[in-house]
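Just below is one structure, and these are the notes that go with it.
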Amino acid sequence: QVQLVESGGGLVQAGGSLRLSCAASSYIFSRYTMGWYRQSPGKQRELVATISTGGSTDYADSVKGRFTISRDNAENTVHLQMNSLKPDDTAVYYCNAHRILRTDLWGQGTQVTVSS
């Protein structure tokens, strides 16, 4: 049962932009903190950004000022706007839904490739 559906990855040149989207059910969206993680080959999965149900955001230092996470409550969708992309941003990006005392939910992952 797929509960988080991601879209928006692709290939972009350094300095370009991409927007990732993750759609969830209204039940999940209204109760879970939503976030994005990424994983590149040979590295551990790392937090990129999170947004709480109340709209509070948190970002990895490496993306602050370049990435923006947002929630569209009408569409039960979380977006990650990625600007000024760098080759180091190349990774598979995963949507995450987190709620205390519940099992985390994960999307299937979407590839982002930034060419130099």
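The values are calculated or read from the model by the stated rules, or taken from the named source; none is laboratory data. On a predicted model such as this, the values are computed, not experimentally measured, just so you know. Positions of Cβ are generated from backbone atoms using ideal geometry, with glycine treated the same way; all protein chains shown enter the neighbour counts. Accessible surface is based on the protein model in full, side chains and every heavy atom, while ligands, DNA and RNA are left aside. Shrake-Rupley method; radii C 1.70, N 1.55, O 1.52, S 1.80 Å.
Of note:
- Using only side-chain charges placed at the Cβ, +1 for Lys and Arg and -1 for Asp and Glu, the dipole size of the chain relative to its Cα centre rounds to 120 debye.
- Converting phi to 3J(HN,Hα) with the Karplus coefficients 6.51, -1.76 and 1.60 and the offset θ = phi - 60°, segment 77-89 yields 10, 10, 10, 10, 8, 10, 10, 6, 5, 10, x, 5, 7 Hz in sequence order, with x at every glycine or proline.
- Pair-distance distribution of the chain: all C-alpha pairs, bin width 10 Å, starting at 0; shares per bin in whole percent are 15, 50, 29, 6, 0.
- Think of a 1.4 Å ball rolled over the protein heavy atoms: segment 4-116 then has 52 Å² of accessible area per residue.
- All-pairs Cα distance distribution in segment 14-77, expressed in whole percent, bin size 5 Å: 4, 15, 25, 24, 18, 10, 4, 0
- With both labels modelled 7 Å from their Cα along Cα-to-Cβ, the Val5 to Ala60 distance reads 2.7 nm.
- Under Karplus coefficients 6.51, -1.76 and 1.60, residue-wise ³J(HN,Hα) of segment 57-70 in Hz, glycine/proline x: 10, 9, 9, 5, 4, 5, 10, 4, x, 10, 10, 9, 9, 8
- Average 1/r across all pairs of distinct alpha carbons in segment 49-116, invert it, and you get the Kirkwood radius: 13.3 Å.
- The phi torsions of segment 12-19, fed into the Karplus equation with coefficients 6.51, -1.76 and 1.60 and a -60° offset, translate into couplings of 9, 7, 3, x, x, 10, 9, 10 Hz, rounded to whole numbers, with Gly and Pro shown as x.
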